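Please read the structure below before turning to the comments.
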Amino acid sequence: MPPEPEVPPKPRLITGSFLLVALATLAYFIGENAVLPVLPVYVTRTLGGSDVAVGIVIGAFSVTALLVRPWAGRFADRRGRRLPMALGAGLFTLSVAGYVLADSVPELVAMRLLTGIGEAFMFTAAASAIADMAPDERRGEAISFFSLALWTGIAVGPTIGEIAAHGGRFALVWVLAAGFGALAAVLALGVRLPRPAGPQEGASGRLIHRAGVLPGTALLTSIWGAAGFFAFVPLYARQLGLPGSRFVFVVFSGIVLAIRLFGARLPDALGAHRLSRGSLVVSAGGLALISLWRTPAGLFGGTAVFAVGQALAFPAMMALALRGARPGERGAVIGTFTAFVDMGFG
């Protein structure tokens, strides 16, 4: 009998550099999300702000991130991924440390604007680094695994923040978040990756890359709902008689983490288009359930459904945006694509 053809091994995905980028991202998002459930309470109780002020403080972050992210993507294409990662984490650290000195809503908004600049550089460069390291046929899987760092931060950060803030210790929350940002900067400095092909080697050099526009617009519709969820669940949970919102965020993040971990290959196996459409339908259903069933059970049940849609949306749509992108323009594609996240939150 003729010998069976050898099946070539799958290209290696998880490497030392991959893990280092993921750990830096994890530290960053623990710090960023530690302040998330605390800010609305701080604004309303300590600074005397209204619900509108809460929205402005949360959304201010997205204004500068939206404006800066395309520049950050192009900068990462030209200068490599390590420098903008470290720069972004450093700016985040300085801005959150500044929350300690902010004793009015306008001052806190100013610090949040600086936080947005740090986010733009850090996440755009980190996501671009992962896209560089991922084989083409496993890019959706790589994005899913990488996003575990982000969602672990969303799961762990709010719990750390609410525990640290017990008794009104808001300054402790800001200091802890700054510490995680500093750790992210140190880890980012250890990343060693070859610089991607420059504009002279075929990259478009565009500030706004057209490949990221349509997938980014689709993601915006999903993020728009998530913005309201993240900003106002901390207040809504208390209106329903719950002591806080951290368990809501734990449920949300746990479901997202499980799907991203055990369903990492779904974007590559089922197709990015199909998964993108399904994620939008499921996300809308989860938010509708929270809206119509106004009890703690409705909040947790709707959160679970919403989490399924959110778990599928980002990897599928980002893989869609990166399809066919050349190495020297992936930063620009990701910068354009993720700018729609900022637009949705803003």
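The values are calculated or read from the model by the stated rules, or taken from the named source; none is laboratory data. None of the values given here were measured: they were computed from a predicted structure. Because the Cβ atoms are built from the backbone with ideal geometry, glycine has one as well, and the counts that use them run over all protein chains shown. Keep in mind that these areas ignore ligands, DNA and RNA; they rest on the heavy atoms of the full protein, side chains included. Shrake-Rupley method; radii C 1.70, N 1.55, O 1.52, S 1.80 Å.
Note on region 208-267: among residues that are touching a helix residue (DSSP H, G or I) at 6+ places or on another chain (Cβ under 7 Å) and among the polar types (S, T, N, Q), the one that is most open to solvent (accessible area, probe 1.4 Å) is Thr221.
Within the set Arg112, Arg81, Arg138, the sole residue that is out of contact with any His (no Cβ under 9 Å at 6 or more places or on another chain) and either of a type outside the set (D, E, K, R) or farther than 30 Å from Gly271 by Cα (or both) turns out to be Arg112.
Hey, does region 281-295 have a residue that's open to solvent by 60 Å² or more (accessible area, probe 1.4 Å), part of a helix (DSSP H, G or I), over 23 Å from Glu141 (Cβ atoms) and in contact with an Asp or Glu (Cβ under 9 Å, 6 or more places away or on another chain)? No, region 281-295 has no match at all.
Of all residues in region 145-191, those satisfying the criterion of being open to solvent by 40 Å² or more (accessible area, probe 1.4 Å) and aromatic (Phe, Trp, Tyr) are Phe145, Phe180.
Of all positions in region 100-114, none carries a residue that is within 26 Å of Phe252 (Cβ to Cβ) and either at pLDDT below 90 or among the hydroxyl-bearing types (Ser, Thr, Tyr) (or both).
Restricting the search to region 314-346, which residues are of a type in the set (D, E, K, R) and outside any helix (DSSP H, G or I)?
Of the residues in region 314-346, the ones of a type in the set (D, E, K, R) are 323, 326, 329-330, 342.
Once the filter is applied, which keeps residues that are of a type in the set (D, E, K, R) and outside any helix (DSSP H, G or I), region 314-346 yields Arg323, Arg326.
Taking the conditions (1) surrounded by fewer than 17 Cβ atoms within 10 Å (Cβ to Cβ); (2) closer than 29 Å to Val100 by Cβ; (3) touching a Phe, Trp or Tyr at 6+ places or on another chain (Cβ under 9 Å) in turn, Ser50 satisfies each one other than (3).
Residues that are in contact with a Leu (Cβ under 9 Å, 6 or more places away or on another chain) and aromatic (Phe, Trp, Tyr) within region 279-300 comprise just one, Trp293. The number of residues in region 71-93 being open to solvent by 10 Å² or more (accessible area, probe 1.4 Å) and within 16 Å of the chain's Cα centre (by Cα) comes to 0.
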